[in-house]
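Asker: Can you read through this structure? Questions will come right after.
The values are calculated or read from the model by the stated rules, or taken from the named source; none is laboratory data. All values derive from a computational prediction rather than experimental measurement. Heads up, the Cβs are rebuilt from the backbone with ideal geometry, glycines too, and the neighbour counts pull from every protein chain shown. Please note that ligands, DNA and RNA were not included when accessible areas were found on the heavy atoms of the full protein model with its side chains. Shrake-Rupley method; radii C 1.70, N 1.55, O 1.52, S 1.80 Å.
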Amino acid sequence: MAITKSFKLIRSKRKTIALAITADASLVIRAPMQTPVDYIERLVKRKMKWIQSAIARVESRPRALPREFIDGESFLYLGKSYKLSVEKNAPKDISFKNGFILRTKGKSHARELIIGWYKKEAKKKIAERVEWCARRFGLSFKSIKITSASKRWGSCSTTGNLNFSWRLIMAPTSVIDYVIIHELAHLEYKNHSKDFWNSIRVMYPNYERAKNWLKQNEGTLNI
């Protein structure tokens, strides 16, 4: 079994080995710098039953269907599904009014147009929520950036820069708030310690519901 070919191996100054199954059902192994590869291979073999079960669970979760960008196709926005209407005389290449409206001549690059619209909305609405949450809990951040990250919903740098994936705008507001609170908590706690999760619970008592929703439905938040 070739770990370096079959799985992603990430080494760091951590003290323990962690196995994780990502949203695309691949295995990521996080290990200390000096851990021998043969030891990691033996560990993976011992954990193979768990790995296969975890992969099966991920693969059974709902996923976004291939897009055709045709009349009646559904797209998510703030957790709700809206129909796409393709119109020859639409006022803009892409717009939104109780649903997505795509100008016919823009159909050849519809994906880019819709992603562009999502990014614009994410920049506005996520920034509003971040600022509101930060004020409410007396937290201070440096900047907000909307990214095209496909593996991470959000991140917080050591200097207080907050980053969020544009895909998050497709999720319900409660889930967006959870990701925002998660990153705001990292302003004080740079890890996922017990204190980190306790701080999230103080700011968002029912965060586990949103966290579980994101875990089960993250595959649908894409086009």
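Asker: Could you compute the FRET efficiency for LYS45 and TYR189, with r as their C-beta to C-beta distance and R0 at 30 Å, rounded to 0.05?
Answerer: Once the sixth-power term is evaluated, E becomes 0.30.
Asker: What does the extension gain come out to for GLU87 and ASP24, with contour length at 0.36 nm per residue minus their alpha carbon separation?
Answerer: Full extension of this stretch gives 19.2 nm more.
Asker: Just going by the charge dipole of the chain, with Lys and Arg at +1 and Asp and Glu at -1 on Cβ, which of ILE10, VAL130, ILE70 is farthest out on the positive end?
Answerer: ILE10
Asker: For the stretch 98-109, just list the computed ³J(HN,Hα) in residue order, Karplus coefficients 6.51, -1.76 and 1.60, θ = phi - 60°, integers in Hz, with x standing in for Gly and Pro.
Answerer: 6, x, 8, 10, 10, 6, 3, 5, x, 4, 5, 10
Asker: Counting DSSP beta bridges in the chain, what percent are antiparallel, to the nearest 5?
Answerer: Here the share of antiparallel DSSP bridges comes out near 50 percent.
Asker: To the nearest 20 Debye, how big is the dipole of the chain about its Cα centre, given +1 on the beta carbon of each Lys and Arg and -1 on that of each Asp and Glu?
Answerer: 420 debye
Asker: Would you please give the residues with an amide H less than 5 Å from that of ILE94, counting only those at least 5 places away or on a separate chain, with H modeled from the backbone geometry?
Answerer: Under 5 Å from the amide H of ILE94: ARG103.
Asker: At 7 Å along Cα-to-Cβ for each site, give me the label-to-label distance between VAL37 and LYS15 in nm.
Answerer: Between VAL37 and LYS15, the label points sit 2.8 nm apart.
Asker: Once both axes come from the Cα atoms, what is the angle between helix 48-59 and the longest principal axis of the chain, in degrees from 0 to 90, rounded to 10?
Answerer: In the chain, helix 48-59 runs at an angle near 10 degrees to the longest axis.
Asker: Could you work out what % of the accessible surface of the chain is carbon and sulfur, using a 1.4 angstrom probe and leaving DNA, RNA and ligands out of the count?
Answerer: Summing carbon and sulfur atoms, their accessible area is 51 percent of the total for the chain.
Asker: Just checking my list (1) 173; (2) 146; (3) 138 against volume of the Cα convex hull per residue in Å³ computed from this structure; which label fits?
Answerer: (2)
Asker: If R0 is 22 Å, what FRET efficiency do you get for LYS123 and ASN222 from their C-beta distance, rounded to 0.05?
Answerer: 0.75
Asker: SER74 to GLU59: extension gain in nm, 0.36 nm per residue of separation minus the Cα-Cα distance?
Answerer: Result for the pair: 3.2 nm of gain on full extension.
Asker: Still on this structure: Relative to the longest principal Cα axis of the chain, at what angle does helix 110-136 sit, 0 to 90 degrees, rounded to 10?
Answerer: 70 degrees
Asker: Counting each DSSP H run of 4 or more residues in the chain as -39500 (n - 2.57), what helix-only mean residue ellipticity at 222 nm follows after dividing by all residues, to the nearest 500 deg cm²/dmol?
Answerer: -12000 deg cm²/dmol
Asker: With the chain treated as a Gaussian network of Cα nodes joined by springs under 10 Å, which of THR159, THR147, THR22 yields the largest mean-square fluctuation?
Answerer: THR159
Asker: Might you tell me the accessible area per residue for the stretch 138-219, computed with a 1.4 Å probe and given in Å²?
Answerer: Counting only protein heavy atoms, the per-residue value for the stretch 138-219 is 52 Å².
Asker: Using only the alpha-carbon atoms, how far is helix 37-46 inclined from the longest principal axis of the chain? Give it as 0 to 90 degrees, nearest 10.
Answerer: It works out to around 80 degrees.
Asker: Are any of the pairs LYS13/LYS215; LYS142/LYS190; LYS124/LYS145 more than 20 Å apart by Cα-Cα distance, and if so, which?
Answerer: LYS13/LYS215, as the Cα separations exceed 20 Å there.
Asker: Quick one: 3J(HN,Hα) in Hz for the stretch 22-36, Karplus 6.51/-1.76/1.60 with θ = phi - 60°, rounded, Gly and Pro as x.
Answerer: Residue by residue, the stretch 22-36 yields 7, 4, 8, 6, 9, 9, 10, 10, 10, 9, x, 4, 9, 5, x Hz.
Asker: Could you calculate the contour length gain from ASN198 to SER150, that is, 0.36 nm times the residue separation minus the distance between their Cα atoms, to one decimal place in nm?
Answerer: 14.6 nm
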